[in-house]
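S.K.: One structure, as structure tokens, below. Some questions next.
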Amino acid sequence: MHIVIMGCGRVGSTLAHILEDRGHTVAVIDRDPEAFRRLRPAFKGDRVTGIGFDRDVLTRAGIERADGFAAVSSGDNSNIISARVARETFAVRRVAARIYDPRRAEVYERLGIPTVATVRWTANQMLRKLLPEGTEPLWRDATGKIVLSQVTVSPAWIGEPVKMVEASVRARIAYIDRLGEAIVPQPGTVLQEGDVVHVIAAESELDRITASLATREGGGH
């Protein structure tokens with residue numbers, strides 16, 4: 001794949017190195033030529049000086065053959081404008097923009113441009129480390145309505161098929177952490193002792209789901 005990155009700050013340069021290490025070709029755009037010093041000397045990708053939403057600059061970066069475009073400069077406006085140009089003018093299939101303002105991120109998600117809301121993401125990561133385990137979701141979508149959360153499961157559910165548990169509590173179990181290995185439940189997967197269960201759900205439903213899994217009406221085995 002060929003990936004174009006706008007912004008050669010810490011995120012952009014790290015992303016460029018990871019992508020190159022994985023065998024992809026990369027072009028990095030930044031208006032400040034000094035920013036390219038963050039790239040390692042052995043970096044084989046293109047360094048393109050210019051504004052990331054300028055069509056000529058994007059063309060020099062290979063946008064016409066790009067499989068993906070990442071806008072990770074320090075400016076919300078620049079990121080979203082360049083992302084829209086990549087998506088709407090050059091028809092790049094995979095486009096993502098870093099946005100500091102979570103309110104803007106929600107608007108742009110509705111326009112079909114995936115965003116990473118930096119402030120909200122960082123705050124959520126901090127909360128996960130500061131608060132008791134399981135009280136803060138592992139992941140939250142840009143609208144804040146859908147969450148991935150670790151839940152406590154009553155021993156009464158042990159030995160039951162995951163599909164049956166999902167039907168009983170009206171929830172989707174996204175994955176199970178079993179002895180340090182993440183497992184996506186298959187039709188025959190059964191809950192075992194020690195499983196750490198992660199549910200994906202509307203946040204408004206999370207309390208109900210958590211309570212159902214923690215108690216199990218009827219007492220189980």
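S.K.: Tell me the residue from 153, 147 that is modelled with pLDDT of 85 or more, assigned by TED's automatic domain parsing to the domain that holds residue 209, within 15 Å of the chain's Cα centre (by Cα) and within 26 Å of residue 208 (Cβ to Cβ), please.
M.R.: Testing whether each residue is modelled with pLDDT of 85 or more, assigned by TED's automatic domain parsing to the domain that holds residue 209, within 15 Å of the chain's Cα centre (by Cα) and within 26 Å of residue 208 (Cβ to Cβ) leaves just 147.
S.K.: Mind checking whether some residue in segment 68-79 is closer than 15 Å to residue 19 by Cβ, in contact (Cβ under 8 Å) with a residue 12 or more places away in the chain, of a type in the set (Phe, Trp, Tyr) and surrounded by fewer than 18 Cβ atoms within 10 Å (Cβ to Cβ)?
M.R.: Checking segment 68-79: not a single residue is closer than 15 Å to residue 19 by Cβ, in contact (Cβ under 8 Å) with a residue 12 or more places away in the chain, of a type in the set (Phe, Trp, Tyr) and surrounded by fewer than 18 Cβ atoms within 10 Å (Cβ to Cβ).
S.K.: Sticking with this structure for a sec: Of the conditions (1) farther than 25 Å from residue 105 by Cα; (2) touching a strand residue (DSSP E or B) at 6+ places or on another chain (Cβ under 9 Å); (3) not in a strand (DSSP E or B), residue 137 clears all except one; give me its number.
M.R.: The number of the failed condition is (1).
Yes/no per residue for (1) outside the structural domain of residue 146 (by TED's automatic domain parsing); (2) at pLDDT 95 or above; (3) closer than 24 Å to residue 141 by Cβ:
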| site | (1), (2), (3) |
| --- | --- |
| 168 | no, no, no |
| 183 | no, no, yes |
| 189 | no, yes, no |
| 204 | no, no, yes |
| 207 | no, no, yes |
| 210 | no, no, yes |
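S.K.: So residue 219 fits all but one of (1) surrounded by 15 or more Cβ atoms within 10 Å (Cβ to Cβ); (2) over 30 Å from residue 103 (Cα atoms); (3) modelled with pLDDT under 90; what number is the exception?
M.R.: So residue 219 meets the others, but not (1).
The values are calculated or read from the model by the stated rules, or taken from the named source; none is laboratory data. The shown structure was predicted, so the numbers you read here are calculated from the model rather than taken from an experiment. Positions of Cβ are generated from backbone atoms using ideal geometry, with glycine treated the same way; all protein chains shown enter the neighbour counts.
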